[in-house]
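> Can you keep this structure in mind? I'll have questions shortly.
The values are calculated or read from the model by the stated rules, or taken from the named source; none is laboratory data. Computed from a predicted structure; not experimentally measured. Using ideal geometry, Cβ is built from the backbone for each residue, glycine included, and neighbour counts are taken over all protein chains shown. The area values use the complete protein model at the heavy-atom level, side chains included, leaving out ligands, DNA and RNA. Shrake-Rupley method; radii C 1.70, N 1.55, O 1.52, S 1.80 Å.
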Amino acid sequence: MRGVDLQREALSEKEKRNIEILDILRKRGPISRPDISRDMGINVVTISSYIDEFIRHNLVFEKDLDVSVGGRRPVLLDLNPHAGFAIGVGLNLMNMVGLLVDLKGNIITKTQNPCPRASVKEISECVLDIVREILRRSKGYAANIHGIGVGIAGLVNKSNGMIHWPQKTDHYYTYASVDVPLKGLMEKEFNLPTLIENDASSACFGEHWLNLGQGYKDVIYMFSGVGCGIMINGEVYRGAQGYAGETSIYNYKEQDDFNCKVGNPCFVKRWDIDLGIVEDVKNNLVNDKAKAQDFSKLTQTAVEDIALKNVFAAARANNSIALQALEKAAKALGIKIASFVNLFNPEVVVIGGGLEEAGDDFLRKVSSTVKDWAFRESAESLKIVYSQLRENAVALGAASLVMQRVFAQL
């Protein structure tokens, strides 16, 4: 299976059926062939031919017989979770997570590092280091690891995995091609097929594949306010080249002329990845020495070193500066989400990327703002929830995409 092309997007009818059967077995196993046949609307003989191939590859095993109301009792089938493993790497607002997962998405081992906010070369090296560490810890599984999935920020070309990275120059953002060929570098060093996917799209797939559990097929995953993963009718939507989900527009030539009072910056302009929360807190503390001392004492952090996690911790302790910044950010995020609710009419919006640590008040403010700003018809049955996979969402989603595509290409 190490020769599979993980970046290939188009799937044959056989590959689509492989994935559908995998999904049924993963969610409902142990299950019988007749039950799979009924779920898929395909005759049991055809289903059996697929299952027999999975059994030959040791991906599925037969277990105790099911109860029967008459005639021969049907054999139950289940996934063999140890038939294959994948490595997933993902970044969020606060750290980089590396996982080894089995065929059912169970985490076998995990490692994480503080998330680098430096050049793309340094981030790429951090990705390589975290994979090396996972492999070091997973020597007993090495022969059965079928691929590596990486969920990373930026514009990811779905056909070749090349990344265009947002690089800030002075106070301007520009997109520059990554000069480190991450996919090729990883495949050469680790001799494993590698999939590069946008972080928000990875997380969106992970929530759908592993945890939403309600059968939702139309999902928006908000990765802070700068990007989103889009799922339409059960499939991640990536657009023509793979660049769908960017939530802002940008023209550095007219950056200084393009401002608006409400929200500052405009809701359609590029936002800081933390929604400007840290900068807002720092600005409110810089001219108030007493409040700055209180905040530093509470978080054990100097004002100039404040990070998002410190703001969340201060908010949990009812610090007024932190609570004010989070309420302002929640309203801004809610307005942005409302525009996507009107555009896509999703069943559920998942908030993640690190913002799931902001607390219940933040989520309530986002939800109430969406209902205030979106069309009532689009928002009345909408669910807005935090990511249940939390800091693991991107890595789990990337690893699950690998397992899905490996399974599809049997």
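> Excluding residues on the same chain fewer than 8 positions from K14, give the lysines whose Cα lies under 17 Å from its Cα.
K14 reaches no qualifying lysines.
> Moving to a separate point now. Give the peptides 337-349, 301-313 in descending order of average Cβ contacts within 10 Å, highest first. Please report the intermediate quantities before stating the final value.
Numbers: 337-349: 19.4, 301-313: 17.2.
Result, highest mean Cβ count within 10 Å first: 337-349, 301-313.
> Another one. Go through 369-382, 323-336, 101-114 and give me the packing order, highest mean Cβ count within 10 Å leading.
323-336, 101-114, 369-382
> Pop out the carbon and sulfur fraction of the accessible area of the stretch 98-165 as a percent, whole number, probe 1.4 Å.
Solvent-exposed carbon and sulfur of the stretch 98-165 make up 51 percent of the total.
> Over the heavy atoms of R26, what accessible area does a 1.4 Å probe trace out, to the nearest 10 Å²?
Answer for R26: close to 30 Å² accessible.
> Still on this structure, please answer the following. Ranked highest first by the average count of other Cβ atoms within 10 Å around their residues, in what order do 283-295, 28-40 fall?
28-40, 283-295
> Shifting gears a bit: Tell me the per residue accessible area of the stretch 283-360 using a 1.4 Å probe; a whole number in Å² is fine.
48 Å²
> Using a 1.4 Å probe on the protein heavy atoms only, what accessible surface does E235 show? Give it in Å² to the nearest 10.
Estimated to the nearest 10 Å², E235 gives 130 Å².
> Of K27/K158; K291/K371; K16/K104; K289/K336; K217/K365; K121/K158, which pairs sit farther than 29 Å apart, going by alpha carbon to alpha carbon? The partial results should precede the final answer.
Details: K27/K158 27 Å; K291/K371 34 Å; K16/K104 18 Å; K289/K336 34 Å; K217/K365 25 Å; K121/K158 21 Å.
Checking Cα-Cα distances, K291/K371; K289/K336 exceed 29 Å.
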